[in-house]
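This report concerns only the one structure given below.
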Amino acid sequence: MTTLPCRIVWFKRDLRLADHAALATAAASGERVIPLYVVEPGLWRQPDSASRHWRFVRSSLVALDAALRGLGQPLLIRVGAAETVLTELAGLLSIRAVHSHQETGNGWTFQRDRRVAASLRTAGIPWLEHRQHGVVRRLRDRNGWAAQWEQLMAEPCCPIPEALPAWPGPPPGSGSSALHPALRGEPLPDQPAGLAAATPTERIQAGGREAGLRVLDSFLETRSRGYASGISSPGRAWTASSRLSPHLAWGSLSLREVIQASRERRAALRGTPASPERSAHLRSLRAFEERLHWHCHFIQKLESEPAIEFHNFQRACDGLREDSFDTDRYAAWVRGETGYPLVDACMRALHQGGWINFRMRALLVSFAAYHMWLHWRQPALHLARLFTDYEPGIHYCQMQMQSGTTGINTLRIYNPVKQSLDQDPDGAFIRRWVGELAAVPTPWIHQPWTLSRGQQDQLGCVIGRDYPEPIVEHVQAAREAKARFTPLRRSATANEEADRIRQRHGSRRRPAPRVRPKATPSPQRSLFENLPLPDHETQR
């Protein structure tokens, strides 16, 4: 059995070759590299995991394996606990180091990484974790955080290795075709054990790097023109938004290459003749980059305080909602049967397509938290399973922000009727996803309960029979929620805790100097291709 020295590159939420610091560093060592992905049944049994996540990951892994084979070394697939898999490989190979990116995942992956670190220490194998974006391990405070983020984003992207030497096969003439035991991978499963199967109607965006590059190109070239004006609309946002979030969450694209590609596009636009269209396009791209700044800002909060996945940011909020959780209200919210058309349309669209725009996500959470008075933890798990782009750091911070438990943010109580009138004025999005209301005329589509009984009979949509009555009276529910929060937020204890939270997690961002990217666009970027419209008959 060969004991040639090698390095393991453990892929996790970084399913690409480009701008991959762990792979680039391992390859630069001159030693053989074994790319590894571990299908972890324990991870996929977690309550925030879903089949749509695995479908996106699986297609990304297929693409990653094909790209690695082009470099001379396929992706090694193993199924089991990561610490067990790595220990087994250590008994078969002379592993000089394990390389991976730093991961800010959920509580399960945090504990898994502790187990992996302990087992590798016992085996005497260094574990080299590389940064892949602006999150900083063991950060003491946020002073200077924005500046280091800008510096990292302006650095050149890590190059793709030219080749990965293939592992030596059996000696010529030996008559043996057996692989080295360490390289005997397992088939990529259609579904990890214990993970619920996808529903027949479930459709998600396609995974894999090439799909991500097509989405990036179509956004920067054309779709971004409508970004600023379209991202709040639940209908227009399907194409006006970048739609890059799943590729950033699972790592088929790096945040740095997206930032740099956007800045290069802006630079190219500035070189074209001035026009109102050019100005609007530049404003939209600037707005897009502003939101990319917040990506790492929120993940950093979970990195610095992992408990916020499970507990209120502001512990003064403990007990505020937990003991009064109404399971019937929660079930109606999950089904999209609250009696508020836009809320229900958003939930049903999520069940089908695995994505909804940010403002509608905020509406769903705000309605659950304030109007239905549901503690955020169970809604967070349900939405995590629905979001193809589930990113724990962003997800739990946003759940708490929109629920009022951060202690440092303004209470955002979205009026479900006003949002419906503002963001879906003609009711097209509602009619598409809430079929019971398809025949309701526009003047009543946002508040169908105001139709007379005669009108309801005529339209074939009787409220309380064909479509639910409003589960709460939204104005009164919002008033009661404010009344419950007011004394808490005014208390000395809550204010002292808010100061602590602000000091540890508050943004320190100042206007940053314009830094031109130091890297050229990835040579793998495809030509322009439009993202498909959100048609039921197409794969998204």
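No lab work stands behind these numbers, since they all come straight from the coordinates. No experiment lies behind these values; they were computed from the predicted model shown. Note that each Cβ is placed from the backbone with ideal geometry, even for glycine, and that neighbours are counted across all protein chains shown.
Report the paramagnetic label zone for R286: residues of the range 202-246 whose backbone N is under 20 Å from a point 7 Å from Cα along the Cα-to-Cβ axis. The answer is 220-232, 241-242, whose backbone nitrogens lie closer than 20 Å to the label point. Per-residue packing, averaged as other Cβ atoms within 10 Å, sorts the ranges 203-210, 280-287, 332-339 into the order 203-210, 332-339, 280-287, beginning with the highest.
Take the Cβ atoms of R412 and Q503, set R0 to 25 Å, and the FRET efficiency comes out at 0.65. Amide H contacts under 5 Å for L76: L36, Y37, restricted to partners 5 or more places along the chain or on a different chain, H placed in the peptide plane at 1.01 Å from N.
In the chain, helical runs assigned H by DSSP with n ≥ 4 each contribute -39500 (n - 2.57); averaged across all residues and rounded to the nearest 500, the mean residue ellipticity at 222 nm is -14000 deg cm²/dmol. When peptides 476-489, 46-59 are sorted by average Cβ neighbour count within 10 Å, with the highest value leading, the order is 46-59, 476-489. Of the peptides 340-351, 440-451, the ranking by mean beta-carbon count within 10 Å, highest at the top, reads 340-351, 440-451. For the chain, the longest principal axis of the alpha carbon atoms and the long axis of helix 474-490 meet at an angle near 60°. Residue separation of E305 and A483 scaled by 0.36 nm, minus their Cα-Cα distance, works out to 61.2 nm of gained length. For V33, the amide hydrogen comes within under 5 Å of the amide hydrogens of R7, counting only partners 5 or more places away or on other chains and with H modelled in the peptide plane. If you take all other residues with their beta carbon under 13 Å from the beta carbon of A287, and give Lys and Arg +1 and Asp and Glu -1, the sum is +3.
Would you please state the base-10 log of I(q)/I(0) at q = 0.13 1/Å for the range 1-123, with intensities from the Debye formula using one equal scatterer on every alpha carbon? At q = 0.13 Å⁻¹ the computed log10 ratios are -0.52.
Length, then width, then depth: along the principal axes, the Cα atoms of the range 236-285 run 38, 26, 10 Å.
Each of S94, Q46, A24 was scored by the projection of its Cα onto the charge dipole of the range 1-112, and the greatest displacement toward the positive side belongs to Q46; charges sit on the C-beta of Lys, Arg, Asp and Glu.
Multiplying the residue separation of A428 and E31 by 0.36 nm and subtracting their alpha-carbon distance yields 137.1 nm.
Computed from the alpha carbon positions, the gyration tensor of the range 262-363 leads to an equivalent ellipsoid with semi-axes of 38, 22, 10 Å, biggest first.
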